[in-house]
Structure formats: C-alpha cells, structure tokens
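Each remark here refers to the structure printed beneath this line.
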Amino acid sequence: MNNYTGLTLKYLKGQKKRSLLTILGIVLSVTLLTSIGTIGLSYHDQLIRQTIRDFGDYHVSFNNISGDAVPKVNNNAMVKSTGVISREGYATIRETDVKEKRENPYAAPYRYLNVKGYDTDAMNMLQVQLDSGRLPENPNEIILSSRSLGYFSEKPKLGDSIKLNLGIRKVASTGKARKIDGMGDFGWSLDEAFQAQTQREFKVVGFMKEIGRGNWSSTFILPAITFNDNKTIDEKKKYFIYVKMKTVDQIKEKTEAILSSLRVSDVEQDSAKQLNREYSIDNLRIEYNNELLKLYGKSTYEGVNKSFILAYAAVIAIIIICTIAVIYNIFHISVLERISQFGILRCIGATPSQIRKIVFKEATLLSLIGIPIGIFTGTIFMKLLFYNISFLELGFLMI
C-alpha cells in the first residue's frame, strides 16, 4: 500500500466518462457562481455610476461657507479633492403673473436664475450634463437650465449674449437680505423683493439637462452656471465646497474634525437628499452624500450600513452554499458507487485515512481541472451577455 495514491490516476483514466461528467458538474457549478457574482458586481457598479450621475461624485459638502475657510478645507490632510462653487448672485427672468398667483397662492414672486461659478472639479463632481452646447470655460460664459428658456422674454440661443442684473433676495417688509435655505437655495416667501447690485453680460454656450435630484422649488429657482476657477478667494463671498475624502471610513468623524479646525461647532448635518431644513450656525450647512456612501457601506446612518451589508452577505452565502452542495453531491455519489472498491482496499490493509486521501486527491485533481474552466466559461458567458445587452434598452441592465 506504499503507492496507494497512484490508484487515483488509474481510476480516473479507467472511468473516463464518469470523470468527464464529474468535471462537467464542477464546471457548471463554478460557471453559475462566477456568472451570478459578475452580475452582482456589475449591478453594484451600475448603481454607483447612476447615483454619481444623480447626486454627484463627492462625499460631503460644506454649503454657504465663508471665503476665509475655503483654503483650510482644501488643504486639509484628510481631503483628497474638492470642487469649489462661488455664489455669483440671483437674477430675475420675469415676475410671476396674476393668473399664476391666483392658481398657486404660494408661488414665488419671480422666476429666478441662481447663478453660481463652478470650477472644473465642481463640474466633474456634480456631473453637470448638457442637452446641447458645451461647458463654460471662462467667467464671461454661462449655461442655462433648459427649463428656464421658456421664461425669458426672448428665448436665448447658443452663442447669444444676455445681460443679467445680479443681486440679492430681500425681505420686502424689513429690507434685510433674505436667509438662504439649503444647498440648492430652496424656498421663498411672499414677503420677498429683489435688489439688483451688478450687471454682467454672458455668452450662452450650453443648455443643461434637468437635474436628477430636482425638487419642487426648481419651478421658480432655476440654476445657471458660469466658470470660476476659484483660485482667488474673496473673503466676503460665500462658497460651496464639495469634498472627496481620501477614504470614506468614519466620514462623519472626519467632517467634524474639519469643522473643529475651522472653529465651527453645532452645525446642522444632513443627508444629500434632505435639503430644506434651517441652518444652525451662520447659515453653514453640512450635507453628506448618503445616497452614494450607502453603496460603499459607509453611510452616516449605521442602520442603513448594517442592513446593506447583511443583504449582500445573505445573497453571497446562499450562492456559495448552493454551489458547495452541488459539488459535494457530485463527489458523494461518486464515492457511494465505489463502496465495494473501498471495501476491497480495506481487506488488503488500507486504513480509513489512506482511503480518505485517495478521495481527496481525486477531488483535488478534478477541481484543478474544473474550477479554472468554470471561471473562464462564466466570465466569457457574462461578457457575451453584457455585450448583447448593450444594444438593448433594458433599464438597470444597461451596464
């Protein structure tokens, strides 16, 4: 029995048909595992890309922050990159007419353009997408929301020059500047007036698509984007900073550390979806992009992280258990059919451990053949499937 393990190769060669069927079972099981795993990873990647398009490619934003604090955030050791947006001012497109006020008693007094200056990183992070034209490349160029075009007295076209009276929104009864609510500057009051401060001329170079995270206020407050490299920071201005951290671990603690370095505390912190709550300190507001963070399992809501991870773990466990069960059943049947052979080996002196080694060696050899083939066929099958899907309109399967 010194060369008892050599019986494995002799058996596999002698039972070629059985061996091939066993290898085929392993190949199919691994192909299934690889295919489902590839679909899961591809779908997760698609969710991330779609969320980035809808909510932006950033982790946290500091909204309405003073100019002197901008360099401190940009240069923080925990920050990987930032996109900076300056508030250029509001402009009125037209006054809300009597008929519309009658139909909607809570309508804003004007149709506003909310003009902001984006640097290149901000445009990339917030996924500014165009219906036509191009992105602005200097401070004298602007892109308008496609929805806003119908409110101009003369509909602007690509290449046209428009003059905008930029200014602030005020409380009409007191004359004080109106407090701005939220990252998107949502909200208005009926006791509201507009005060023009400067006039600027812009060349229209593009029209924006509707933003995926649009809201009820976008009917009256419409975005307009010009270019501002924001290299020269005006301390009197207010800015919006969109931050990507070097890692998304402990995102809330890192944000609080940045606020601490700015000597700011008790600031309202919220998710990227909830934008209409009041500020706590000096109109400064922190927004976590939880729609994106939860896909990494790093949301600021611990319950969301746990449920997301448990759901993934449950699916993975079911797939792995089913695959193991199939492969185990294949070998179990093979062993049961050879009971008489193992009985003969026991009669001539083979020990139980030696018989186990024969079975394990056989399983190892078949697995070394079947598993790589299964991984290869699963990968090729999924590539062919995704290639064909790419020509079809299948919603979430567009990966």
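Is one or more of the residues making up segment 262-284 crowded, with 18+ Cβ neighbours inside 10 Å, at pLDDT 85 or above and closer than 16 Å to residue 70 by Cα? Within segment 262-284 (the criterion being crowded, with 18+ Cβ neighbours inside 10 Å, at pLDDT 85 or above and closer than 16 Å to residue 70 by Cα), the answer is no, since none of the residues qualifies. Being among the hydrophobic types (A, V, I, L, M, F, W, C), surrounded by fewer than 20 Cβ atoms within 10 Å (Cβ to Cβ) and more than 17 Å from residue 128 (Cα to Cα) is the filter here; which residues of segment 44-72 pass it? Matches in segment 44-72: 47 only. If you go through segment 133-156 and keep only what is under 21 Å from residue 219 (Cα atoms) and of a type outside the set (A, V, I, L, M, F, W, C), you end up with 145, 146, 147, 148, 150, 151, 153, 154, 155, 156.
At least 2 residues being surrounded by fewer than 18 Cβ atoms within 10 Å (Cβ to Cβ) and in contact with a Phe, Trp or Tyr (Cβ under 8 Å, 6 or more places away or on another chain) is the threshold, and among the strands (runs of 3 or more DSSP E) wholly inside segment 88-177 those reaching it are 130-133, 161-171. Could you check, for segment 41-56, whether at least one of its residues is farther than 30 Å from residue 232 by Cα, of a type in the set (Val, Ile, Thr) and at pLDDT below 85? Within segment 41-56, not a single residue is farther than 30 Å from residue 232 by Cα, of a type in the set (Val, Ile, Thr) and at pLDDT below 85. With respect to (1) touching an Asp or Glu at 6+ places or on another chain (Cβ under 8 Å); (2) more than 19 Å from residue 247 (Cβ to Cβ), the lone exception for residue 69 is condition (1). The set of residues in segment 328-366 being surrounded by fewer than 15 Cβ atoms within 10 Å (Cβ to Cβ) and among the basic types (Lys, Arg) consists of 346, 356.
The residue list 317, 311 contains one member that is at pLDDT below 80 and either assigned to a helix (DSSP H, G or I) or basic (Lys, Arg) (or both), which is 311.
The values are calculated or read from the model by the stated rules, or taken from the named source; none is laboratory data. Bear in mind the structure is a predicted one, so any value in this text is a computation, not a measurement. Every residue, glycine among them, receives a Cβ derived from its backbone with ideal geometry; neighbour counts consider all protein chains shown.
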